[in-house]
Amino acid sequence: MTIETKYDIGNKGYWVGSDGTWKEGEICGVFIYNGGIKYTMKEWEIRNKIYLIYVDEKDLFPTEEELLKSL
């Protein structure tokens, strides 16, 4: 079985955070589940700790411009 994703690990992506501001981060992982595809995004790195967030594929954009167009 082959599953196609829009983005690859290592790509940069843009999304709107829960606080309403747009964010950018590096894709660190891809999760396939019954509801679709989620990407693990690197949000911050502070003192050797990496903070990740999960973003649905439909909410992730390859460029800042495409994110802004979707709003």
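The values are calculated or read from the model by the stated rules, or taken from the named source; none is laboratory data. Source: prediction; values computed, not measured. Just so you know, the surface numbers come from the protein's heavy atoms only, side chains and all, with ligands and any DNA or RNA stripped out. Shrake-Rupley method; radii C 1.70, N 1.55, O 1.52, S 1.80 Å.
Work out the count of Lys pairs in the chain where the Cα-Cα distance is under 13 Å, with the pair 8 or more places apart or on different chains.
Taking the Cα cut-off of 13 Å, the pair count is 6.
Per residue, how much accessible surface does the chain expose to a 1.4 Å probe? Answer in Å², no decimals.
Here the residues of the chain average 74 Å² of exposed surface.
Carbon-plus-sulfur fraction of the accessible area of the chain, 1.4 Å probe, in percent?
Here it works out to 50 percent.
What fraction, in whole percent, of alpha-carbon pairs in the chain exceed 19 Å separation?
Considering the chain, 33 percent of its Cα-Cα pairs are separated by more than 19 Å.
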